């Protein structure tokens with residue numbers, strides 16, 4: 001089980017909000033993290049801590065199909081993103097770079113910024129330690145869990161090839 005503090009966002013958080021286009025001239029994950037969410041939440045990049053969790057509504061990661069968005073989120077220290085739904089390309093990009101994501105229909109309506117969540121990706125369980133409420137999400141198949149735990153597709157492939 002892992003634990004993190006909630007950063008809460010609404011529906012339709014697009015990739016331009018996650019990492020504004022004006023910062024796409026770099027591929028440095030650390031530099032992208034400095035600007036993550038800054039157009040919607042000026043405090044995020046300065047106050048986010050390792051293991052924190054983003055909780056959002058529907059269609060998280062919509063918009064441009066840039067890998068920079070999940071890279072910025074992961075590099076900022078976020079350990080998990082939970083949303084009602086994800087844009088398809090963001091969903092796959094997140095898995096490919098090793099950003100843990102889960103979908104749940106009601107969790108975002110039932111928690112607030114600052115709540116403490118405890119989660120287990122292997123079982124798909126989440127407990128809101130602030131409210132005491134438990135949730136079950138659809139978990140990833142074992143191979144996708146290995147890919148995420150490896151830190152993404154590149155690391156996973158290197159491990160498989162013994163490079």
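The values are calculated or read from the model by the stated rules, or taken from the named source; none is laboratory data. Quantities reported herein were computed from a predicted structural model and do not represent experimental measurements. FYI the Cβ positions are ideal-geometry reconstructions off the backbone, even for glycines, and counts take in every protein chain you see.
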Those residues that are over 21 Å from residue 107 (Cβ atoms), in contact (Cβ under 8 Å) with a residue 24 or more places away in the chain and assigned to a helix (DSSP H, G or I), I need them from the stretch 123-155; list them, please. 147, 149, 153, 155
Kindly indicate whether any position in the stretch 67-83 is in a loop (DSSP other than H, G, I, E, B) and touching a residue at least 60 places away in the same chain (Cβ under 8 Å). yes
Residue count for the stretch 84-103, restricted to those that are touching a strand residue (DSSP E or B) at 6+ places or on another chain (Cβ under 8 Å) and either without any contact (Cβ under 8 Å) to a residue 24 or more places away in the chain or in a helix (DSSP H, G or I) (or both): 5
Residue, surrounded by the most Cβ atoms within 10 Å (Cβ to Cβ), within the stretch 141-163, restricted to residues that are at pLDDT 90 or above and at positive phi: 152
Which of the residues belonging to the stretch 104-120 are surrounded by 17 or more Cβ atoms within 10 Å (Cβ to Cβ) and either at positive phi or without any contact (Cβ under 8 Å) to a residue 60 or more places away in the chain (or both)? 104, 107
